[in-house]
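*Asks:* Here's a structure for you.
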Amino acid sequence: MKSPLLSLPGAVPAEGVDEGVAAHYGELFREQRALADGTGFVDLSHRGVVTVTGSDRLSWLHLLLTQHVSELPTGQATEALILSANGHIEHALYLVDDGETIWAHVEPGTQDALIAYLESMKFFYRVEVADRTAEFAVVHLPAGSIATVPDGVVVRETAHGRDLFLPRADLESYAEANGPAAGLLAYEALRVEAHRPRLGFETDHRTIPHELGWIGTAVHLQKGCYRGQETVARVQNLGKPPRRLVFLHLDGSEVHLPVAGTPLHLASEGAEGRKLGFITTAVRHHELGPIALALIKRNVPVDAELIAGDTAAAQEVVVEP
């Protein structure tokens, strides 16, 4: 779904899964600094929007999600996962309940599969699941923003900012009143800086929540009765995950950033050495320079000097080994 804000001056379209919104508006670092200072907004209207209504919505979702939501207070934001039977991450949901409806935004293009799964699990529960992507656009206001939220708009407020479920028809008028717009690359740079994983970027077909630090934020350990819970409990109580998320400072002298999937090796062994992991997201930050998130084998020493392709990489611990 192509955003009308791609008509704004300087807009350069994003590619891949983020197609449909602007990667930037011509001034990447200015846009990052604006977000870091709490000004502007980010068009996330390509993300899927799913709602769940009905008197059983919280108790029903509590049985399906990794998060404790049976008593979720009205207006309190949370995030949750849906796992496979083997505990691998299949969906990530960013939720808020407005007292009558649970609103969630999800990765672009994943809403159909999510809704199909939820529909298959309704049984006798009094719930209705709907795809609202065509009607509502997600707009992100950075932490510290004093922008006005229109009356009646559902807001999901977190430490990283506010997500607005804005009527899609109001997107252009909202942009005119609350600019300047910042592109997705600026948003992603701050996400990487904050070590926040993203489904489909930091995950693959075998990722479990422990590897990404999603325990606690998206996985509640004092609840059971959801698909994949046995794996979560077993790893938490008896073992360690096979991989761990790390934050990387990349060599700033390189012209090009390593692409997602670039293998990581020990610097001492070079590119012909053992593969220890791979880059998941690499960005240019307005203060830190080139940085990245990566998944590496758990037993890689935390002080090991790494190399991604031809680019030197110094790691910071995100998930403890």
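*Asks:* Please go through segment 96-133 and give me each residue that is out of contact with any helix residue (DSSP H, G or I) (no Cβ under 8 Å at 6 or more places or on another chain), closer than 18 Å to Val155 by Cα and open to solvent by less than 50 Å² (accessible area, probe 1.4 Å), ordered by number.
*Replies:* Across segment 96-133, the qualifying residues are Val96, Gly99, Trp103, Ala104, His105.
*Asks:* Also, I was wondering about something else. For the structure I just gave you, tell me whether Leu164 is in a strand (DSSP E or B), without any contact (Cβ under 8 Å) to a residue 40 or more places away in the chain, open to solvent by less than 40 Å² (accessible area, probe 1.4 Å) and touching a helix residue (DSSP H, G or I) at 6+ places or on another chain (Cβ under 9 Å).
*Replies:* Numbers: in a strand (DSSP E or B): yes; without any contact (Cβ under 8 Å) to a residue 40 or more places away in the chain: yes; open to solvent by less than 40 Å² (accessible area, probe 1.4 Å): yes; touching a helix residue (DSSP H, G or I) at 6+ places or on another chain (Cβ under 9 Å): yes.
Criteria met by Leu164.
*Asks:* In this structure, does Tyr125 turn out to be hydroxyl-bearing (Ser, Thr, Tyr) and more than 20 Å from Asp98 (Cα to Cα)? Lay out the reasoning, then the answer.
*Replies:* Details: hydroxyl-bearing (Ser, Thr, Tyr): yes; more than 20 Å from Asp98 (Cα to Cα): no.
So Tyr125 does not fit the description; no.
*Asks:* Something else now. Here is a list of conditions, (1) under 20 Å from the mean Cα position of the chain (by Cα); (2) open to solvent by less than 70 Å² (accessible area, probe 1.4 Å); (3) in contact (Cβ under 8 Å) with a residue 12 or more places away in the chain, and Arg284 meets all of them except one; can you say which number that is?
*Replies:* (2)
*Asks:* Take segment 73-87 and flag every residue that is in contact (Cβ under 8 Å) with a residue 60 or more places away in the chain and open to solvent by 50 Å² or more (accessible area, probe 1.4 Å).
*Replies:* Those that are in contact (Cβ under 8 Å) with a residue 60 or more places away in the chain and open to solvent by 50 Å² or more (accessible area, probe 1.4 Å): Ala85, Asn86.
*Asks:* Scan segment 134-148 for residues that are at pLDDT 95 or above and out of contact with any Ser or Thr (no Cβ under 9 Å at 6 or more places or on another chain) and report the count.
*Replies:* 4
*Asks:* Can you give me the number of residues within segment 167-179 that are of a type outside the set (S, T, N, Q), open to solvent by less than 50 Å² (accessible area, probe 1.4 Å) and not in a strand (DSSP E or B)?
*Replies:* Kept after step one, since they are of a type outside the set (S, T, N, Q), are these residues of segment 167-179: 167-172, 174-177, 179.
Checking which are open to solvent by less than 50 Å² (accessible area, probe 1.4 Å) leaves us with 167-168, 171, 174-175, 179.
After this cut, where a residue has to be not in a strand (DSSP E or B) as well, the list is 168, 171, 174-175, 179.
Matching residues across segment 167-179 total 5.
*Asks:* Given Pro321, Pro301, which one is part of a loop (DSSP other than H, G, I, E, B), touching a residue at least 24 places away in the same chain (Cβ under 8 Å), open to solvent by 20 Å² or more (accessible area, probe 1.4 Å) and not aromatic (Phe, Trp, Tyr)? Steps first, answer last, please.
*Replies:* Numbers: Pro301 fails: touching a residue at least 24 places away in the same chain (Cβ under 8 Å).
After applying the criteria, what remains is Pro321.
*Asks:* Regarding Gly224, is this residue without any contact (Cβ under 8 Å) to a residue 24 or more places away in the chain and either crowded, with 19+ Cβ neighbours inside 10 Å or touching an Asp or Glu at 6+ places or on another chain (Cβ under 9 Å) (or both)? Steps first, please.
*Replies:* On the way: without any contact (Cβ under 8 Å) to a residue 24 or more places away in the chain: yes; either crowded, with 19+ Cβ neighbours inside 10 Å or touching an Asp or Glu at 6+ places or on another chain (Cβ under 9 Å) (or both): yes.
Yes: the conditions hold for Gly224.
*Asks:* Looking for whichever is more than 26 Å from Asn178 (Cα to Cα), out of contact with any Lys or Arg (no Cβ under 8 Å at 6 or more places or on another chain) and at pLDDT 95 or above here; the options are Leu6, Leu58. Which one fits? Before the answer, list the steps.
*Replies:* Numbers: Leu6 fails: more than 26 Å from Asn178 (Cα to Cα).
Of the residues listed, the single one that is more than 26 Å from Asn178 (Cα to Cα), out of contact with any Lys or Arg (no Cβ under 8 Å at 6 or more places or on another chain) and at pLDDT 95 or above is Leu58.
Every residue, every condition in (1) open to solvent by less than 30 Å² (accessible area, probe 1.4 Å); (2) in contact (Cβ under 8 Å) with a residue 60 or more places away in the chain; (3) part of a helix (DSSP H, G or I); (4) closer than 18 Å to Ala137 by Cβ, yes or no:
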position: Lys2; (1), (2), (3), (4): no, no, no, yes
position: Arg33; (1), (2), (3), (4): no, yes, yes, no
position: Val42; (1), (2), (3), (4): yes, yes, no, yes
position: Val52; (1), (2), (3), (4): yes, yes, no, no
position: Trp60; (1), (2), (3), (4): yes, yes, yes, no
position: His68; (1), (2), (3), (4): no, yes, no, no
position: Glu71; (1), (2), (3), (4): no, no, no, no
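*Asks:* Can you go through Gly213, Gly183 and tell me which one is buried (at least 16 other Cβ atoms within 10 Å of the Cβ), touching a Leu at 6+ places or on another chain (Cβ under 8 Å) and on the phi > 0 side of the Ramachandran plot?
*Replies:* Numbers: Gly183 fails: on the phi > 0 side of the Ramachandran plot.
The unique qualifying residue is Gly213.
The values are calculated or read from the model by the stated rules, or taken from the named source; none is laboratory data. Because the structure is predicted, anything quoted here is derived from the model rather than measured. Methodologically, a virtual Cβ is constructed for each residue, glycine included, from the backbone with ideal geometry; neighbour enumeration extends over all protein chains shown. Accessible surface areas use protein heavy atoms only, side chains included; no ligands, DNA or RNA. Shrake-Rupley method; radii C 1.70, N 1.55, O 1.52, S 1.80 Å.
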